[in-house]
Amino acid sequence: MPNDLQVFVPAPDRPAPLDSTGVVGWIRKNLFQDIPNTLMTILGAYILFVVVGAVLNWAIFNAVWSANSRRECLDAVGRSGACWPGVFVWFENLIYGLYPKDQVWRINVGFLALVLWMVPLWMPRVVSKVAIGLSAVALYPLLASYFFLGGDKGIIWTALIAAGLTGLIWVWATALSETFKGKTIGVLVVDSLGQADADEARQRLTRRLATLAVFIVACLIISSLSFVEVRTRFWGGLFLTLVISGIGITFSLPAGIMLALGRRSNLPVIAMFSTLFIELFRSVPLVTILFMFNTMLPLFMPAGTEVNQLLRAIVAVCLFAAAYMAEIIRGGLQAIPKGQYEAADALGLTYWQTTSQVVLPQALKIMIPAIVGNFIGLFKDTTLVSIIGLFDLMNMARAIGEDTNWLGLFIEPFFVVSMIYFVFCFAMSSYSIGLEKKLAAGRDR
Amino acid sequence: MAITETGRNSDARSRFSRALYDARIRAIVLQVLTFVLVVGTLIWLTNNTMVNLQARNMSADFGFLDVSAGFGIGFTLIPYQEGDTYLRVFFVGIMNTLLVAVVAIVFATILGLIVGLARLSNNWIIGVVARSYIEVMRNTPLLLQIIAWYFGVFNLLPRPRDSVEILNGLVLNNRGFYLPAPVPETGFAILMWVLLTSVIGAIALHIWAGRRLEKTGKAFPSILSGIAIVIVVPTLAYAFLGQPLSWDVPVLQGFNYVGGMSVPPSFCALIVALSVYTSCFIAEIVRSGIQSVSKGQLEAAGALNLPANWTLRRVVLPQAMRVIIPPLISQYLNVTKNSSLAIAIGFPDLVSVWMNTSLNQSGRAIPIVAMTMGFYCAVSLSVSAIMNVYNKRVQLKER
Amino acid sequence: MTKPGRMIEIVKLNKWFGQFHVLKDVSLSVREGEKFIICGPSGSGKSTLIRCINQLETHQEGSIVVDGVEVDPKGRNHREVRSRIGMVFQNFNLFPHLSVLDNCTLTPRLGLEMPKAEAEEIAMTHLSRVGIAEQALKYPLQLSGGQQQRVAIARALCVKPKIMLFDEPTSALDPEMIKEVLDVMVELAEGGMTMICVTHEMGFARQVADKVIFMDQGEIVETNEPNAFFSNPRFDRSADFLSHIL
């Protein structure tokens, strides 16, 4: 029975005692808690000071920033300072390889096209992001390959390239229409041509005619372009590294998914072949696979066929990456509880519907850190193509040291190349951590 | 197939059987098609290969293994002369690969353990140093590191006359790393037996101490005693037997060092790069293994007043090891596979000596590639099999 | 120094997590054989309070004396303090790689230097007491939640504590298993054990408690006999809390 209740007055919060919190408290706890800890702090500070100091001294304070040859650098500071002019002179080669300097703009436009293609993925009001992503995978390579390779084009090739260009136009039309008008581009076209009330068949016809019109315009544009052929022999540097890893990454994910599904399949023949492929490619070093494709592919092909050396390396890298990706995805598939499959069965979904709508989205989400880790590994592994003679970023760095003006210049180009690799890899792993956090928000309440 | 069917009974049954028939037929057709496609492609490739080999007058059999190889190898663990057979070259390559793998694994594990524990440290600066080390070394390609260590460090070492002498007998110069070689003398065999007996004795002591702990509850420092026995007893025997082990110390004679054993600079670069690179991954494995033991376990052990060393041995380590061992073994396999990068700096490992040099000399591409792949497959698959056995044994028993 | 018969004496305990003042001037006195229930809304500091008693958390101000031993604020004498206290956790915290019997005999054998046979005998006695003797060779993850918690209680009893602390022992259990654990705790209480229990189980409190302590926002709001507390709370906060849980 309630009687007169006293009102409880909570005591005020007091600030914590000074030596246990705040900056002083943090320093005491993390750096100087007891004697061994204090010694470790001194040791750690010493290591940092020495290493960072040495690097800064060499790279900045003692470095030579302008010279005409390595001899001049050595005369000026000896080995205690970096000789950066060599790297500056060769910098464009580090990025573009031996690509003719007057055609380098094609590479820039090609990569710019990729950036443009991907920008809508970050626009908040765009809905068709999956379609845009898939179009990037399927159609961008067609457009980019013409920009990078150039050369003569027949009718079929022109049509394919035009398809690529059409894709880009479609992507931006979709992005703009969804952002500003809130409708998909198909609906917008139909509406603006006054067909909003027509039946489904007519609307579809209108959309297809519109696409055809754009395609024809694209064909005309492409036909008018005439790019000099730059053979893959001249591709090199960061450009080549990005091409190889880009193709590898794009191929390995769908191929890995198919292999993982195959390995878990109930059909024994498919399971056996998938398992054999995966186990073989995962057991052997990438070098052996590259060698095998490089030296043995001419033996495997009918006499007289010429297979481009870059293509051989790309095939090797793709198959290798697919096998590793397959195991990662298989791990994700195994983590899906049986109840999900049973629920999908009960709802009457087919195998492919279950896989694509229920199982794969969950499996991929769980394995994002491992998948991105695999991409990072793939990016680093592209250095191995230098062993079979391709001029990737690392080999270009070595080539600088063979220029007569800069003979023996080794550490400086390698330093720059290491920084480039570090920036790419670190960015990818930070992105994966951020992506993981964002997607986990949907999981934990 | 819709759930509600308004067909008559026989209609429904025939529809059902058609669907089942269909699914099974589909499965069989798909498998047959896949089989035909894969095997067909293999047959086509083999056919091409046969044709091409004949055109170049090469054969694809293993007969060449008895033929003399005709080239020298810069570094071998087993004795090798220039006229030895190709088969011997294969074994030399395997031994070199395994040597690199084992040495790199040892260093990588020690380094990885230190860095992993540093990463977990309460001390902020040590944690920062460890994290920076891991991020920098992990995000740079291994091949880049190997070449950097070789061309940037070990190749730039001074010539033998101006060598860097670390200790008396440990010498570094641009021809390699020199160490004293052990020379067994009379009585050395007895010393080895003494060593073996001490090890067995230490193990026996450990077992006895365990039994005593169970019976009386009193602990005995069997691990420390065991280590002491294995060190002290052979040392006493060594002195007593008149020091039956001498050392062939490398000595500078003229332009070069003579005596002792040596490893080429490419070996040093390979080991250092592999160890540093792999240690980052091992550090992360160690860290996640230790962090996988939930705080509640430590709190429970603390609340029970279990002494700290026993908490580590009986509560934390058994649970952490379950999480650490599988990825750790996987990293060891990676080291073995990555040793193949030796070819970039000229160290004669299996790929360099067999898949490159021997293949170019003999032209027997198919058997050579098959043997190389066979070796790596054998190593990978046997290690995987052992891992599966281990995993099954240590699995936590659940409902 | 404790007054005669005082098992636990807490005087003006203050604790901060960083700048967050989580325990404010808490004072408490427990005599031998007394059973205290601590209740309150989440975030009130109840778990933190009992974790300070056995030094799983350290305090910055105030004093805690357990059976004559002062708990060091920097946590340096935890072995002495914890030898007198047993604790049962919300998440059981059993060692999953050891069998039930090994869970119970681990500390007696390695910490108290007991021979294995003697440790197992004592363990079986306690396991029978909590009604789980037949599961002695099973592993924790093979048991239900209620069974695991009973094992946890037996494990804590095997090291002969004078005081038992319970940190929401039934909050992680499915409803049908709560009773089996509470029955064990009631039997333990009737055997004369000094107990401090953080719980929401008010039926248990009425049955067993000598005092009920209500905490809110780091302070003790009121301390009273269970019947008086439940029927006649003195403060508005207590009444509010009771109206939500009863």
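Taken together, the values in this text are just the output of simple stated rules run on the coordinates, not laboratory data. Because the structure is a prediction, the values reported are computed rather than measured. Virtual Cβ from ideal backbone geometry, glycine too; neighbours counted across all protein chains shown.
Of note:
- Rounded to the nearest 0.05, the FRET efficiency derived from the C-beta distance between A:Trp172 and A:Val109 at R0 = 22 Å is 0.90.
- Placing R0 at 60 angstrom, the Cβ-Cβ distance between A:Val55 and A:Thr211 gives a FRET efficiency of 0.60 after rounding to 0.05.
- Calculated FRET value between A:Gln334 and A:Met428, using beta carbons and R₀ = 22 Å, to 0.05: 0.30
- Antiparallel bridges, percent of DSSP beta bridges restricted to the protein assembly as shown (to nearest 5): 65 percent
- Size descriptor, Kirkwood hydrodynamic radius, that averages inverse alpha-carbon separations across the range A:1-61, Å: 16.1 Å
- Surface/4 of the Cα convex hull for the range A:101-229, nm²: 8.6 nm²
- Of all lysines in the structure, the ones whose alpha carbon falls short of 21 Å from that of A:Lys129, not counting any fewer than 8 places away in one chain, are A:Lys181, A:Lys183, A:Lys365, A:Lys437, A:Lys438.
- Stretch gain in nm, segment A:Val127-A:Leu349, where the contour uses 0.36 nm per residue and the Cα spacing is subtracted: 77.4 nm
- Net charge of Cβ neighbours under 15 Å - reference C:Val208; Lys, Arg +1; Asp, Glu -1: -3
- Residue-count net charge about C:Leu23 - beta-carbon cut-off 14 Å; Lys, Arg +1, Asp, Glu -1: 0
- Centre separation in Å (Cα based) which lies between the range B:33-112 and the range A:330-401: 31 Å
- Among B:271-280, C:123-132, the order from most to least packed when residues are scored by Cβ within 10 Å on average: B:271-280, C:123-132
- Extent along principal axes [Cα atoms of chain A; Å; largest to smallest]: 97, 79, 53
- Percent of alpha-carbon pairs separated by more than 40 Å within chain B: 42 percent
- By the rule of a C-alpha distance below 12 Å, with chain neighbours fewer than 8 residues away ignored, the aspartates and glutamates paired with A:Lys29 are A:Asp19.
- Extension reserve of the B:Met58-B:Asp162 stretch, reckoned as 0.36 nm per residue once the Cα distance is removed: 32.5 nm
- Taking all pairs of distinct alpha-carbon atoms in the protein assembly as shown, Kirkwood radius in angstrom: 35.9 Å
- Inter-site label distance for B:Glu214 and A:Met258 at 7 Å from Cα along Cβ, in nm: 5.8 nm
- The Cys residues in chain A with no partner Cys Cβ within less than 4.7 Å of their Cβ are A:Cys219, A:Cys318, A:Cys425.
- Ordering of C:94-106, B:310-322, B:364-376, B:30-42 by packing is C:94-106, B:364-376, B:310-322, B:30-42, highest average first (other Cβ atoms within 10 Å, averaged per residue).
- Under the span-like rule (Cα at least 30 Å along the axis, Kyte-Doolittle mean at least 0.5), DSSP H helices of chain A: A:35-56, A:155-176, A:200-224, A:237-263, A:309-334, A:411-440
- Inter-chain Cβ neighbour count for A:37-48, averaged per residue, equals 4 (cutoff 10 Å, partner chain atoms only).
- Each peptide in A:163-173, B:81-91, A:121-131, A:40-50 gets a packing score, the mean of other Cβ atoms within 10 Å over its residues, and the list from highest to lowest is A:163-173, B:81-91, A:40-50, A:121-131.
- Counting only other chain Cβ atoms within 10 Å of each residue's Cβ, the peptide B:214-224 averages 3.
- Neighbour net charge for B:Leu350 - beta-carbon separation under 15 angstrom, K R +1, D E -1: +1
- Inter-probe distance in nm under a simple model that places probes 7 Å from Cα toward Cβ, at A:Ser192 and B:Met261: 7.8 nm
- Inter-site label distance for B:Arg313 and B:Asn391 at 7 Å from Cα along Cβ, in nm: 3.0 nm
- Measure of compaction for the range B:122-262 (Cα Rg per 2.2 N^0.38 Å): 1.62
- The mean count of C-beta atoms from other chains within 10 Å of the C-beta of residues in B:311-318, rounded to a whole number, is 3.
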